[in-house]
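The values are calculated or read from the model by the stated rules, or taken from the named source; none is laboratory data. All figures in this text were calculated on a predicted structure; none of them were measured in a lab. Virtual Cβ from ideal backbone geometry, glycine too; neighbours counted across all protein chains shown. Ligands, DNA and RNA are excluded from the accessible area calculation, which covers all protein heavy atoms including side chains. Shrake-Rupley method; radii C 1.70, N 1.55, O 1.52, S 1.80 Å.
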Amino acid sequence: MIIKSRALVIRTVDYSESSRIATLLTEQSGKLAVMAKGARNPKSAYGHLIQPMNELEVVLYFKPGRDVQTLSQAGLITARRQLMADYDRMMDGFRVLEWVNRFPVTAEDASVMYQLVSRVLDLLDAGATPNPLWMAKFLVRLGQIGGYEPNVYECTSCGKRLSEFRTDQTGRFRLSGGDVWCPDCQGNHDSGFSVSMATVAQMAAWLYPGSVPAATGGVTIRDELEHLMEKHLMYHLDL
């Protein structure tokens, strides 16, 4: 079967003296490993395009059940050269790609995942200073797409809406359930992570837009947000 699709290059590994294996996030079929035969040859028509961050139009020979598919053709859509020329932005881009590489991406989730990752890389490539919470928001959205959406709407113990609590209070976040014990209930539980209600409010504003008050935590909760979502995703991905 022949597949033609837009694809983001997530990572590459040299294979033999002339070929390269690439992990692609395709818009139609999810994440695929492909063999780019002859890609390391200087005369290759597309070898120089098989680089992380690049967005391509690819033609694949696809065989169901095969671990590595075969790349037949590749044409450049976007190279994101500005991102690759700036060390800090490049490292941010590779951090995004590393999370995508860890994540299972099915054909059903492929289009929405592709759009998310492409938008984030475009933001980094544009050179404008991104919102300080951009990585945390990306991780929350990643969890939502993958079925690991946190429950930050109500307390898992008493059922109170978490937006009723002050943002200077603390609760506890339970990795196994991806849910929160509110400030009134968190003293009864030793497991999980302490979490500020400001962090909970920010996640809720992203996950339930219009149904909870807008969060105002800003940069002060960035590290806690990123750490919490990384721990949450790593737990559910068995990393």
Between the alpha carbon centres of the stretch 171-191 and the stretch 146-170 the gap in Å comes to 9
Computed over all unlike Cα pairs, the Kirkwood hydrodynamic radius of the stretch 88-151 in Å stands at 12.3
For Asp88, the accessible surface traced by a 1.4 Å probe with all protein chains present amounts, in square angstrom to the nearest 10, to 110
The rounded separation in angstrom of the Cα centers of the stretch 194-210 and the stretch 80-134 is 23
Whole-percent carbon and sulfur contribution to the accessible surface of the stretch 57-215 (1.4 Å, no ligands, DNA or RNA) stands at 47
Using the Kirkwood radius over Cα pairs of the stretch 1-76, the Stokes-Einstein translational diffusion coefficient at 4 °C and 1.567 mPa s, in µm²/s and rounded to a whole number, is 108
In deg cm²/dmol, rounded to the nearest 500, the helical mean residue ellipticity at 222 nm of the chain, built from -39500 (n - 2.57) for every DSSP H run of length 4 or more, is -10500 deg cm²/dmol
Simple SL model, points at 7 angstrom along Cα→Cβ for Met91 and Ser191; separation in nm is 3.6
In degrees rounded to 10, the 0-90 angle between helix 87-102 Cα long axis and the longest Cα principal axis of the chain is 90
In the list (i) 57, 34, 31; (ii) 66, 40, 30; (iii) 129, 37, 33, the entry giving Cα extents along the principal axes in Å computed from the coordinates is (ii)
In debye to the nearest 20, the charge dipole size for the stretch 1-111, taken about the Cα centre with +1 at each Lys and Arg Cβ and -1 at each Asp and Glu Cβ, equals 320
Probe 1.4 Å, heavy atoms of protein chains only: per residue, the accessible area of the chain in Å² is 49
Placing each pseudo-label 7 Å from Cα in the direction of the beta carbon, Asp168 and Gln73 end up separated by a distance in nanometres of 6.4
